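The values are calculated or read from the model by the stated rules, or taken from the named source; none is laboratory data. Keep in mind that what you see is a predicted model, and the values were worked out from it rather than measured. Every residue, glycine as well, gets a Cβ built from its backbone with ideal geometry; the counts of neighbours run over all protein chains shown.
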Amino acid sequence: MRRGFLNSKPAKEHPNHPGPVSSSQTNTNLKLPSKATTTVKSSQENDLPRSFPYAAQEKPVEVPKGHETKLNFVEGSGNPQATYIWTALPQVDDGPDTECLLRAGSKEVILKTPGFPKPLPPANSPPAFRVGPSPGKGMGLFSTRDIEQGETILWERPLLIVPLGIPTSLPAGFSKAQWIQHSLNEYERYVEVAVNRMQEHRRAAFMSLHNCHTKDGSGPLVGRVRTNGIGVDGLQPATAKTEYDMRVSSYSVISEHISRLNHSCSPNTRPSFDRATFAQRLYAVRDIAAGEELTFQYINVLAKKTERDEGLSPYAVVCACLACTEGTAESDKSRSEIAGFKPTSSVLAWAVNRQLPDDWLIKKYMILLDLIDKERLEHLDVYCVATRAIMESYICLGDTQNASKWAARVLRQSWSEMYESQLGVDKLLDPDSPAYAKHALWRIRVDTAAATGAMSKLMGEALGLGGW
Ligand SMILES: C[S@@+](CC[C@H](N)C(=O)[O-])C[C@H]1O[C@@H](n2cnc3c(N)ncnc32)[C@H](O)[C@@H]1O
């Protein structure tokens, strides 16, 4: 879910779709400016509304006809200036394809993805989730069994992938409200082509999704996109340099099941879009008991409750999670400490600095982890950073007993962006593993010769020669 426009007074903006707030998947939301610019200029910078309205309109905004763009830009239409293409991807296996509305250049990015097109991994059998009613929230997803931290709950090819809006220049004589409505209408027309291309059962699944934008000028398709879309990064063509380029080639994915996830300020899952399989992957970020509701973050959950309330209002969500209902002041304080955490020193810099105590870095990260555990925010990247830093600190100290315990924690964090670089951590699970002695940080805190070697690497790093 993600982007919208502004409605009257005060200008309200909301992301088109809730979604992960940190990098990758998840929501491009935070990467976009969060406040609407209300000035309408004819420059390119202003031809894509930064936010769409979400408050009910008192009466529909009438838009003069005759300003619609021609929809003759379909891939293969022979129009060399096609800015948008409608296509189905990845067309690789018996699994369903995703209907895509892509801006020129994005398809090439997809086709060049290493491993693309990759078949979907086999589904969990029986499925680890089910769709069912969630009191006060409509439908939701629930676990069907105990799920372990780091498990993949499901892989899912989205129904649809669309940009967050279609740039529309300001027609002469249009008021701002008319321009916004015109933009919404154009967006609806473009999405309609993609929805009409879907297989009937996929279209039925899309149309059965919830729509919380029924009275704000959104059409029925854009309303569903705005309600259910989850942001996906990384599809911008290499030529996209400006903020404008990035915005117009940012996308939302809408899926039959993952889009049913309700919001929690302490979510237990994290979705991620995998370009090679062209699928969304849903991870459990902590152990989940059978029958528990599966949730994810629609907004930045490190913000204070009052700001979270504001961010959730476009989705008509009044969050009743523990952080919003019990001990909220203390929770706000803890979240702001997590948001403000700065490592102040890398593992290597601490290890070679004799003025700092041996447990200095470990203590700092343990305090951070306590806050994260208390707030149940394991999905955040900082959780993985902290866990890994503690493991590495023990390696610097030559303490393989503790390092191996932390290696086991690191390995469970399959959703982490650092996962690729965790390959090899499995060799550290055994405290007697010879992999320790080969590790670049091995005993550099306690062995002068090792520290000297590390120091020269540190200097190389400072000089841009690489390092940790
Ligand atoms: C993406 S949909 C989630 C699935 C939806 N509940 C359904 O019935 O299909 C987003 C909508 O779910 C509801 N919702 C999500 N999280 C909620 C929460 N924590 N409390 C209440 N309603 C919630 C709101 O109506 C919101 O507009």
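Some values worked out for this structure:
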quantity	calculated
Residue among Ile147, Ile110 that is in the same structural domain as Glu186 (by TED's automatic domain parsing), farther than 14 Å from Phe273 by Cα, more than 16 Å from the ligand (Cβ to nearest atom) and among the aliphatic types (A, V, I, L, M)	Ile147
Selected residue (only one of Val301, Val317 is within 16 Å of the ligand (Cβ to nearest atom), in contact (Cβ under 8 Å) with a residue 40 or more places away in the chain and surrounded by fewer than 22 Cβ atoms within 10 Å (Cβ to Cβ))	Val317
In region 113-144, residue nearest to the chain's Cα centre (by Cα) [restricted to those that are in a loop (DSSP other than H, G, I, E, B) and within 16 Å of the ligand (Cβ to nearest atom)]	Lys137
Cys212 vs. criteria within 16 Å of the ligand (Cβ to nearest atom) and surrounded by 24 or more Cβ atoms within 10 Å (Cβ to Cβ)	no
Which listed residue, of Asp399, Asp370, Asp381, is free of Cβ contacts under 8 Å to residues at least 12 places away in the same chain, among the charged types (D, E, K, R) and either outside the structural domain of Tyr436 (by TED's automatic domain parsing) or under 21 Å from Asp332 (Cα atoms) (or both)	Asp370
Helices (runs of 4 or more DSSP H) contained in region 190-291 and holding at least 3 residues at pLDDT 95 or above	200-207, 220-228
Residue that is away from the ligand (no atom under 16 Å from the Cβ), part of a loop (DSSP other than H, G, I, E, B) and hydrophobic (A, V, I, L, M, F, W, C), where the choices are Leu411, Leu361, Leu356	Leu356
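This table checks each residue for (1) at pLDDT 95 or above; (2) surrounded by fewer than 16 Cβ atoms within 10 Å (Cβ to Cβ); (3) aliphatic (A, V, I, L, M).
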| position | (1), (2), (3) |
| --- | --- |
| Asn353 | no, yes, no |
| Ile362 | yes, no, yes |
| Tyr365 | yes, no, no |
| Leu368 | yes, no, yes |
| Leu371 | yes, no, yes |
| Ser393 | yes, no, no |
